[in-house]
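Please read the structure below before turning to the comments.
The values are calculated or read from the model by the stated rules, or taken from the named source; none is laboratory data. Just so it is clear, the model here is predicted, and its values are computed rather than measured. Please note: Cβ atoms are built from the backbone with ideal geometry, for glycine as well, and neighbour counts cover all protein chains shown.
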């Protein structure tokens, strides 16, 4: 993707606060001193069989980029691809799932666009708002920061197990609940703290998105394996080789950018596992991080420390 984007014409605008340069989660455009708009888009193929749940998951994933930038969702447009030969009520269930998540986000769906396609796809184009001085970016982590993640990881592996009919019902239910949970709740609490950097964990995996944070901030990030919470069954499936293709692409892309000190392939596979609607990672000073962690837990938001930040030492990521 980076090779493709480098051929696009570079457009400079003093009001474009965040563009594509740092691989941030969304674009941010300043309207005035009190308001900036955040714009993002995302859509993908079904990860579960239930169309309503798929709509919820896809919408939660699309909305997440707004929260990762410190903003509030304003409105969204549906983006849908659907085969003309299939029951149109399935599309209705997908759209209903998405609409319910947007309502939960205190926002509105103002329309959208649908095309005939061989494979269903769904997502949202989303606009949010944020004060220019309150924008979170993924490129301002500081040595001494701790990293807090707000959802367990392993959705890519679980989704692969689901396709192979290997996942148990409880594992599926846990993954669906995780993927359909809005990051709004974690972001609302974190706004009370000085967040240096933030990103959400999606298709690039935990290690991939933390690499973007490390590179943008010119720091080294240490991922602490023993502190990471996994969805039930993820470790067992990873050891069995139930790994999505995206994991291998992620590792190949970053093959000379990280060091796996655990010397374990299954651990490496899990931290590079592409996530669907993953949690937020907050990078903030250690003492503040401890307070935020406690605040999140007291408000029933899953959260745990996954690593820490040091001065750049030649490698961006260590898996420890």
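For residue 156, are the conditions met, namely being at pLDDT 95 or above, surrounded by 23 or more Cβ atoms within 10 Å (Cβ to Cβ) and under 16 Å from residue 271 (Cβ atoms)?
Yes.
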From the list 278, 233, 286, 246, which residue is within 25 Å of residue 168 (Cβ to Cβ) and touching a strand residue (DSSP E or B) at 6+ places or on another chain (Cβ under 7 Å)?
-> 278
Only one of (1) touching a residue at least 60 places away in the same chain (Cβ under 8 Å); (2) buried (at least 20 other Cβ atoms within 10 Å of the Cβ) fails for residue 107. Which number is that?
-> (1)
Of the residues in region 305-317, those that are touching a strand residue (DSSP E or B) at 6+ places or on another chain (Cβ under 6 Å) and surrounded by fewer than 19 Cβ atoms within 10 Å (Cβ to Cβ) number 5
Scan of region 300-313 for residues that are more than 16 Å from residue 213 (Cα to Cα) and more than 21 Å from the chain's Cα centre (by Cα), ordered by number | none
Scanning for something under 15 Å from the mean Cα position of the chain (by Cα), in contact (Cβ under 8 Å) with a residue 24 or more places away in the chain, outside the structural domain of residue 174 (by TED's automatic domain parsing) and crowded, with 16+ Cβ neighbours inside 10 Å, does region 26-37 turn up at least one residue?
-> yes
Check residue 193 against each of (1) surrounded by fewer than 24 Cβ atoms within 10 Å (Cβ to Cβ); (2) within 18 Å of residue 319 (Cα to Cα) and name the one condition it does not meet.
-> (2)
Go through region 286-304 and give me each residue that's surrounded by fewer than 18 Cβ atoms within 10 Å (Cβ to Cβ) and not in a helix (DSSP H, G or I).
-> 299, 300, 302
Qualifying residue in region 209-218 (condition: under 18 Å from the mean Cα position of the chain (by Cα) and free of Cβ contacts under 8 Å to residues at least 12 places away in the same chain) | no
